[in-house]
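Colleague: Mind looking over this structure? Questions follow.
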Amino acid sequence: MEYLSSLNHEDTRLAVACEREFLSVLDGNCRTPIAAYAYRDKDGNCSFRGLLASPDGSIVYETSRSGTYSLDDMVAIGQDAGHELKSKAGPGFFDGLQ
């Protein structure tokens, strides 16, 4: 574990945790048009942008968040953003996907 931990890039690990929470809330997979991008901004905080689109791209929902660059806050940011877009899209938004 000590060897593997030396390979970890903490900023990336936290950004990926935020993005994965967003995708998890939306039940994202390789066929769903969902985008998530979390990064450390110039002030050292987390900036997050998320997008959810209909399969044909005719409907697009976007959101953004910011907060402290810590695991707990970034997980909460991803979850909150996912719930927002899930609510906007409504039930059955991806029913046409095969």
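The values are calculated or read from the model by the stated rules, or taken from the named source; none is laboratory data. Note that the structure is a prediction, hence the values are computed from the model and not measured. Cβ atoms come from the backbone with ideal geometry, glycine included; neighbour counts cover every protein chain shown. Note: accessible area is taken over every heavy atom of the protein model, side chains too, but ligands, DNA and RNA are not part of it. Shrake-Rupley method; radii C 1.70, N 1.55, O 1.52, S 1.80 Å.
Colleague: Could you list, in sequence order, all residues of region 3-61 that are closer than 20 Å to A89 by Cβ, of a type in the set (K, R) and at pLDDT 95 or above?
Modeller: Those that are closer than 20 Å to A89 by Cβ, of a type in the set (K, R) and at pLDDT 95 or above: R20, R49.
Colleague: For region 69-89, give me each residue that is in a helix (DSSP H, G or I), touching a strand residue (DSSP E or B) at 6+ places or on another chain (Cβ under 8 Å) and open to solvent by less than 70 Å² (accessible area, probe 1.4 Å).
Modeller: Within region 69-89, D73, M74, A76, I77, G78, A81, G82, E84, L85, A89 meet the criteria.
Colleague: Something else: Identify, please: which residue in region 48-68 is in contact with a Gly (Cβ under 9 Å, 6 or more places away or on another chain), under 23 Å from T32 (Cα atoms) and of a type outside the set (D, E, K, R) and is, among those, surrounded by the fewest Cβ atoms within 10 Å (Cβ to Cβ)?
Modeller: Initially, region 48-68 is screened for residues in contact with a Gly (Cβ under 9 Å, 6 or more places away or on another chain), giving 48, 50, 52, 54-56, 61-65, 68.
Applying the additional criterion that residues be under 23 Å from T32 (Cα atoms) yields 48, 50, 52, 54-56, 61-65.
Keeping just the survivors that are of a type outside the set (D, E, K, R) gives 48, 50, 52, 54-55, 61, 63-64.
Working: F48: 24, G50: 27, L52: 26, S54: 15, P55: 15, Y61: 17, T63: 18, S64: 12.
Among those that are in contact with a Gly (Cβ under 9 Å, 6 or more places away or on another chain), under 23 Å from T32 (Cα atoms) and of a type outside the set (D, E, K, R), it is S64.
Colleague: Within region 5-31, track down each residue that is among the acidic types (D, E) and either open to solvent by less than 100 Å² (accessible area, probe 1.4 Å) or assigned to a helix (DSSP H, G or I) (or both).
Modeller: Just the residues of region 5-31 that are among the acidic types (D, E), to begin with: 10-11, 19, 21, 27.
Hits for region 5-31 are E10, D11, E19, E21.
Colleague: Between residues in region 7-28 that are among the aliphatic types (A, V, I, L, M) and residues that are surrounded by fewer than 15 Cβ atoms within 10 Å (Cβ to Cβ), which pairs lie under 7 Å by C-beta distance while being six or more apart or on different chains?
Modeller: L14/L71; A17/L71; V25/H83
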